[in-house]
Structures are given as C-alpha cells and as structure tokens.
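The values are calculated or read from the model by the stated rules, or taken from the named source; none is laboratory data. A quick note: this is a predicted structure, and the numbers were derived from the prediction, not measured. Here the Cβ positions follow ideal geometry from the backbone for every residue, glycine too, while neighbour counts run over all protein chains shown.
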Amino acid sequence: MPPVSRPFPRFIADAPREKRPYGRWEERLTAAFATACEPLVEEAGAAVDPESIRWFPERAYAGRVFVPVTADGLRADDDEAPVEYFGHVSFERTDDQEEPGKLRGQADFTDVVADDNPDWQVDLNDDVVAKWFAGGSRGGVAATAELDGEVVDQVGIDDGRFTLVAVDAVTGFGDDLYLEIVLWDRTLQRVIARESLYAEGGDEAEDASAPEDEAS
C-alpha cells in the first residue's frame, strides 16, 4: 500500500497493565497531583478535595506511564459554581523490585462540569502528554512499514537512509502478522523493494535489484 496522505498515528499507547491505584502507591499519586494543583488554587477559587479524587486506567507512551485523574474543588461558598480539577500523574515504570520513579503531576481546572450539562453523553477531559511530528514532506522517495498490507509508519529517505518505528509483529488476534519494509519510487506508486524482518523458511532472501539503502 503506498504512503498515506494523512499519516495519523494509531494505537500508540500501551494497553493498561495495572488497575486503579490503592494503598501507599495511591497516596504518592495523590500527593503528586495535589502539588500540581496548588499553583491553580487562587485562580480556581477552590482547593482540590483529595477525598474526591477519581483515578482512570493508566496508559503508557514514550517511556512514561500516565494515570489520568479528576477531583472536585472545595469552594468556600456552596453557592458558587463548582470547580473540577483534572490532569494526570506520570512516572517511569521500573522492575518489580523497585518503586516507580520520577513522578510528575500535571493539572488544570474547569468550571464547566457535567452536573450543569445534562445533555452531555460522555464527560470528557483532554490533556496533552506529548507532541508528535509528522513531517511536512516525504521527499522524492519514501519507505513504509506495513503489517498485512496496512501502513503503520512511513518516512522520506534521506541520502539513502531512513528510520522507521513500528510494531514488528502482532500475534493473538487471528493470523500472526509480521512487519514488512517497502521502498517506493518518486511517484509513490511503484515498489522499488520489499523486505521482511523475518526470513521465510529460515533463508535470508535478498532482492538483487534493491538499492543499497541503510535502515534502522
């Protein structure tokens, strides 16, 4: 399949590994989130209520695990509009013998809440955890990474070299799928070379017509 005109990243985060935090670990996450909320208290007009904290399933991306969270704000006057804090606490996952490290909390607040909007079907919060650069030009020649004919990453070739980052295999969802790397000509329609990371039948097959591009 040729490079796509809209290279949206998909399924970029790891599936959740742990359920909602509890015990001492929950206390650490709560403290990190409360600290992140402190600079917002004056503007929000309400401190965060630790008893109202609600944790959501974790997701991992780019070496960090993100645990989304929401909490109510404690207004001095009950007649004032409610405030909701939201954000996440992220950390680096370590092995089973060590506690997760480098906790970082990120917080924001809003006074537009679900209780005041009964027409909402889903109560959503958005939070930026990282940026992704797609690249505005693929150049004259492009390389794609494909699983079962579907493009999962693509990039322009620079001086005969390219770097692709993609899932190399998928198992457990029907047929096993393995990554293929495809080089395309300047029209992005003709395949110059196609190579799998896994040799069929145990033999390393090489295409004699393929250019000597270096990949990582």
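State whether the residues of region 178-191 include one that is more than 21 Å from MET1 (Cβ to Cβ) and at pLDDT below 85.
no
Quick one: in region 194-214, of everything that is assigned to a strand (DSSP E or B) and modelled with pLDDT of 55 or more, which residue is surrounded by the most Cβ atoms within 10 Å (Cβ to Cβ)?
GLU195
Taking the stated definitions as given, is GLU80 modelled with pLDDT under 85, surrounded by 11 or more Cβ atoms within 10 Å (Cβ to Cβ), of a type in the set (Asp, Glu) and not in a helix (DSSP H, G or I)?
Answer is yes for this residue.
Sort out which residues of region 164-193 are over 24 Å from the mean Cα position of the chain (by Cα), outside any strand (DSSP E or B) and within 16 Å of ALA143 (Cβ to Cβ), and write them in order of number.
ASP185, ARG186, THR187, LEU188, GLN189, ARG190
Within the group ALA81, ALA62, ALA31, which residue is aliphatic (A, V, I, L, M) and either under 19 Å from VAL128 (Cβ atoms) or touching a residue at least 40 places away in the same chain (Cβ under 8 Å) (or both)?
That would be ALA62, the only listed residue that is aliphatic (A, V, I, L, M) and either under 19 Å from VAL128 (Cβ atoms) or touching a residue at least 40 places away in the same chain (Cβ under 8 Å) (or both).
With surrounded by 10 or more Cβ atoms within 10 Å (Cβ to Cβ) and touching an Asp or Glu at 6+ places or on another chain (Cβ under 6 Å) as the only criterion, which of ASP111, ASP116, ASP49 stands out?
Exactly one residue qualifies, and that residue is ASP49.
Could you say whether any residue in region 129-145 is part of a strand (DSSP E or B), free of Cβ contacts under 8 Å to residues at least 12 places away in the same chain and surrounded by fewer than 15 Cβ atoms within 10 Å (Cβ to Cβ)?
The answer is no; no qualifying residue exists.
Being basic (Lys, Arg) and part of a strand (DSSP E or B) is the filter here, so list the residues in region 83-111 that pass it.
LYS102, ARG104
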